[in-house]
Amino acid sequence: MRAGIAINLRSPVPPFEQIRTQIASLISLGTLAAGTRLPTVRSLASDLGLAAGTVARAYKELELAGLVETRRRNGTVVAGSQPILPPPAPPPGTVPVEVIAAVDRCITEGRTAGLDDAALLAILRARQGGSHK
């Protein structure tokens, strides 16, 4: 799985958040299917040259979002879930200009941090459930 995760230490986004976002993106794209076993915390930390606590925090955030499950003897696996279709976009002119400006700022910040569309959508989906801190 190392090939699917890349950490930019110069990014203002903390490494645990980069890991969380990238794994969430891989799950939302279907690259990591339900039941797929993730590397152990120590293994991924070693591969990325990070502290184990950094990876553990990312895994915990993914678990809180319902994207992964930690099972005794089976490690951390992608949670099984049914795909959820996104709601239709609101009609043009019904979204306040302030909301559009805020979304544009988020996109710009995401691009600056090196995130692609899939990663940005995964962040939005993970945050919409109110599971963020």
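The values are calculated or read from the model by the stated rules, or taken from the named source; none is laboratory data. Remember, it's a predicted structure, so these values are computed and weren't measured experimentally. FYI the Cβ positions are ideal-geometry reconstructions off the backbone, even for glycines, and counts take in every protein chain you see. Side chains included, ligands, DNA and RNA excluded: accessible areas come from the protein's heavy atoms. Shrake-Rupley method; radii C 1.70, N 1.55, O 1.52, S 1.80 Å.
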## Note on the structure
Checked the range 58-79 for anything open to solvent by less than 60 Å² (accessible area, probe 1.4 Å) and either out of contact with any helix residue (DSSP H, G or I) (no Cβ under 7 Å at 6 or more places or on another chain) or closer than 9 Å to Ala126 by Cβ (or both); matches are Glu61, Leu62, Ala65, Gly66, Leu67, Gly75, Val77, Ala79
### Task
Report whether or not Glu69 is outside any strand (DSSP E or B), touching a strand residue (DSSP E or B) at 6+ places or on another chain (Cβ under 9 Å), charged (D, E, K, R) and free of Cβ contacts under 8 Å to residues at least 40 places away in the same chain.
no
### Query
Are there any pairs with C-beta distances below 6 angstrom linking a residue in the range 100-121 that is under 15 Å from Val13 (Cα atoms) to a residue that is assigned to a loop (DSSP other than H, G, I, E, B) and not acidic (Asp, Glu), with the two at least 6 apart or on different chains, and if so which?
Ala113/Ser11; Ala113/Val13; Gly114/Asn8
### Task
Return the residue satisfying two criteria in turn: it lies in the range 82-99 and is open to solvent by less than 80 Å² (accessible area, probe 1.4 Å) and at pLDDT 80 or above, and of such residues it is farthest from Gly66 (Cα to Cα).
Pro96
### Message
Let me confirm something: among Ala52, Ala79, Ala45, Ala58, which residue is in contact with a strand residue (DSSP E or B) (Cβ under 6 Å, 6 or more places away or on another chain) and modelled with pLDDT of 90 or more?
### Response
Ala79
### Query
So which of Gly114, Gly110, Gly130 ends up being open to solvent by less than 60 Å² (accessible area, probe 1.4 Å) and either at pLDDT 80 or above or under 16 Å from Gln22 (Cβ atoms) (or both)?
Gly110
## Note on the structure
Here the residues within the range 5-32 that are open to solvent by less than 50 Å² (accessible area, probe 1.4 Å) and either among the hydrophobic types (A, V, I, L, M, F, W, C) or in contact with a Ser or Thr (Cβ under 7 Å, 6 or more places away or on another chain) (or both) are Ile5, Ile7, Val13, Pro15, Phe16, Gln18, Ile19, Ile23, Ala24, Leu26, Ile27, Leu32
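Yes or no, residue by residue, for (1) hydrophobic (A, V, I, L, M, F, W, C); (2) farther than 25 Å from Glu109 by Cα; (3) not in a strand (DSSP E or B):
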position	(1), (2), (3)
Val13	yes, no, yes
Arg20	no, no, yes
Ala24	yes, no, yes
Leu44	yes, yes, yes
Asp47	no, yes, yes
Val55	yes, no, yes
Val77	yes, yes, no
